[in-house]
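Below is one structure, written out as structure tokens, with a few remarks after it.
The values are calculated or read from the model by the stated rules, or taken from the named source; none is laboratory data. Predicted model only: the values in this text are computed from it and were never measured. Here the Cβ positions follow ideal geometry from the backbone for every residue, glycine too, while neighbour counts run over all protein chains shown.
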């Protein structure tokens, strides 16, 4: 049983009234008067000012294909912005496939005991679509001469942001609803990011790529709806 | 449970076997297990880590003992793995750090009270007040960077208030050295206490050195750099109380006896039956190691292990809140400093330490910055209603 249950949680002060009273009274007696840390803010600002970015976008030697032939409009833009974002989306979709594969294994094991089993066919369909999106992005990057195997700065940072979500989903102890909450975060970000990517392509006049991405976005919108519904159902069924 | 150290066979080395599944068991619950279960896990990880390190160094200095050292070391490596993997993945590195400092405070305070040598008891109390301050700084970091309450880990056993300020703990290396116990006259518990605390501090140093660079927050990176430096000082301090004239085999014998003692302490106090079974299993493993090393000691040194070891184990370490002892020590000894191996009032601290400290703090102090105006309260700083 891994859904919400009452138990011996020891983290709050109500668990040890005598010790907690002593702890609070010692803190009152021995701590400095409360205040914000001015020094901390100053130190952080020094580092922010001195910092360089996390790394660079690997620019292709010569722009080719769609990016080159898109004409004047592309010429007026910074192609590294697009390559950075394409690399981010590609990495996100690839990780997404792995996370869904992991979650499918968990559902195969736990669905039988769950009040609200998650439809495995639906999960497999989303997983397959994420894998297709990865392929679409790979082809688009290659078509403009960008290296789809490189890790762009936004791909790196997005991976850091997702590392907690990955820990939640791959922990054998977490429940289906805890995992679905993580997937909802993933899918909401994914949807907004595809929207941004399409705007970026439109801005740069990359019509063909934009069209392919719109098909991906339509699928991502269904992912959000389905994950949200499963998540709500999995929590409400526990009440 | 009275264990006769030299007459108990324990588990023979050839029967000390593991599988990967065995090594990676379900971890403890961060939320539901008692904080002292985590304290014991962290402590025993440190004990095994230091035992492994000691044996590697021995192996580099003694060809004849390489085979038995390798065999015992392999078993202990896997013991350490099983123990350390009991920590669950939902502990953030700062939360685990809070656990490490709780070990440093509660175990050092217990050992300071059971240490029969007055000077060494003073050494432990001195280190205790410094680790006590680290807890305060890390609790501020946990709250101010992650928005979390250190007491979710501490479970009200350990206070979060300033100790001897971390910024004032930086000393010249010579002022971290202490007088050592005399191998011929010191009580066995004195030798085991020294190994226990030195091992705990060594793993803390290593842990901070490993996780420090995994933070992106610059204050966290600086704070771990600063406190890792104090832990290095503590390893210097606790390493220097050990008699350098003990032979290699005498030391090895003491390490094994100390491991037996520590597992015994864990068995005596553990509240989680599943974890207690691990302590019992490894207590038997360590008795097996002790038997082997006793044989080597007799063979190579032609000495009786009873010269070094007590017949039965001393009273177990008290794994319980040491709040009152810590407060009493804080009140009486916060202003102690060192001059060489001596403890002195802060007015008489050595010049070389004052110069050293002035240098390292000259571009700011992360421990002062993170905790400036920090006042722990349940829930914590942002929970202003509850503080009223």
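Can you spot a residue in region A:57-67 that is modelled with pLDDT of 90 or more and more than 11 Å from chain B (Cβ to nearest Cβ)?
Residues of region A:57-67 modelled with pLDDT of 90 or more: A:57-58.
Restricting the remaining residues to those that are more than 11 Å from chain B (Cβ to nearest Cβ) gives A:57-58.
Within region A:57-67, one or more residues are modelled with pLDDT of 90 or more and more than 11 Å from chain B (Cβ to nearest Cβ).
Return yes or no: is residue B:308 within 14 Å of another protein chain (Cβ to nearest Cβ) and either touching a residue at least 12 places away in the same chain (Cβ under 8 Å) or closer than 30 Å to residue B:10 by Cβ (or both)?
Judged against the criteria, residue B:308 is not a match.
Scan region B:83-93 residue by residue and report those that are surrounded by fewer than 24 Cβ atoms within 10 Å (Cβ to Cβ) and away from chain A (no Cβ under 14 Å).
B:84
Out of the residues in region A:23-38 that are at pLDDT 95 or above and surrounded by 17 or more Cβ atoms within 10 Å (Cβ to Cβ), which is farthest from the other protein chains (Cβ to nearest Cβ)?
A:24
Residue by residue through region A:4-14, note down the ones that are more than 7 Å from chain B (Cβ to nearest Cβ) and either closer than 24 Å to residue B:160 by Cα or in contact with a helix residue (DSSP H, G or I) (Cβ under 7 Å, 6 or more places away or on another chain) (or both).
A:12, A:14
Check B:364, B:373 and return the single one that is more than 26 Å from the chain's Cα centre (by Cα), facing another protein chain (nearest Cβ under 7 Å), over 19 Å from residue B:163 (Cα atoms) and surrounded by fewer than 17 Cβ atoms within 10 Å (Cβ to Cβ).
When all the criteria are applied, what remains is B:364.
Within region B:146-192, how many residues are within 14 Å of another protein chain (Cβ to nearest Cβ), under 19 Å from residue B:125 (Cα atoms) and outside any loop (DSSP other than H, G, I, E, B)?
Going through region B:146-192 one residue at a time, the tally reaches 2.
Looking at B:113, B:102, which one is more than 14 Å from every other protein chain (Cβ to nearest Cβ) and modelled with pLDDT of 95 or more?
None of the other options fit; the residue is B:113.
What is the residue count in region A:39-56 for residues that are assigned to a loop (DSSP other than H, G, I, E, B) and either within 18 Å of residue B:141 (Cβ to Cβ) or facing chain B (nearest Cβ under 8 Å) (or both)? Walk me through it before giving the result.
First, the residues of region A:39-56 that are assigned to a loop (DSSP other than H, G, I, E, B): A:51-56.
Checking which are either within 18 Å of residue B:141 (Cβ to Cβ) or facing chain B (nearest Cβ under 8 Å) (or both) leaves us with none.
Of the residues in region A:39-56, 0 are assigned to a loop (DSSP other than H, G, I, E, B) and either within 18 Å of residue B:141 (Cβ to Cβ) or facing chain B (nearest Cβ under 8 Å) (or both).
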